[in-house]
Structure formats: structure tokens, C-alpha cells
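Encoded as C-alpha cells, the structure appears first; notes follow it.
The values are calculated or read from the model by the stated rules, or taken from the named source; none is laboratory data. Keep in mind that what you see is a predicted model, and the values were worked out from it rather than measured. Glycine gets a Cβ as well: all are built from the backbone with ideal geometry, and neighbour counts include every protein chain shown.
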Amino acid sequence: MKTAVSIPDDLFKTAEKTAKRLGIPRSQLFAKALEEFIQLHSKESVTERLNKIYLKEKGSLEENISNLSVEFLRKSLKNDSW
């Protein structure tokens, strides 16, 4: 699909040089750059969502471990005479 975008002159010149150096058309360079940008942000979104899930689970996990530790101590000291 053809589209028109406005970019700073310096960025355009750098893109021209990069495309020539890589031996690819400028439009292919722009398409690849956009694809990588979208993938990067998609991965960040997934990572961000996973971090939120693990952050919530971390509190629950620490609480569960603490509860298990107390329960274990109670059981292990049950027959202990003080």
C-alpha cells in the first residue's frame, strides 16, 4: 500500500544512506523499521502485562510461604514438651 508521511530532513537523509548501504529500496527500509518498532512495543506490552500478573502473584506467594512456614512449625512443635 502506498502512503505519504512527513519526517525530518535529517532522518530522511540518514534513511537514504542506510537503504543504499544495505542495498534495499527506501520503502523496504521504512517498512522493516515500522515492523520492528511495532514488534518491540508489542513485546513491551506483553512484558508489562506479565509483570503486573507476577507482581500480584508475588504477594500471594510470599503470604502462602509464610503461612506454610507457620503451619510447619506448629506441626513440628506439636509433640514437643516445653
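Taking into account only those residues within the range 1-23 that are touching a Lys or Arg at 6+ places or on another chain (Cβ under 8 Å) and hydrophobic (A, V, I, L, M, F, W, C), which is surrounded by the fewest Cβ atoms within 10 Å (Cβ to Cβ)?
Of the range 1-23, the ones touching a Lys or Arg at 6+ places or on another chain (Cβ under 8 Å) are 15-16, 19.
The next check asks that each one be hydrophobic (A, V, I, L, M, F, W, C); those that pass are 15, 19.
Details: Ala15: 15, Ala19: 17.
Once the filter is applied, the top-ranked residue is Ala15.
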Fill in: Cβ pairs under 9 Å, 6+ apart, first in the range 1-12 and of a type in the set (Phe, Trp, Tyr), second at pLDDT 90 or above and surrounded by 10 or more Cβ atoms within 10 Å (Cβ to Cβ)
Phe12/Arg26
Discussion item. Among the residues in the range 69-79, are any aliphatic (A, V, I, L, M) and modelled with pLDDT of 80 or more?
Written reply: no
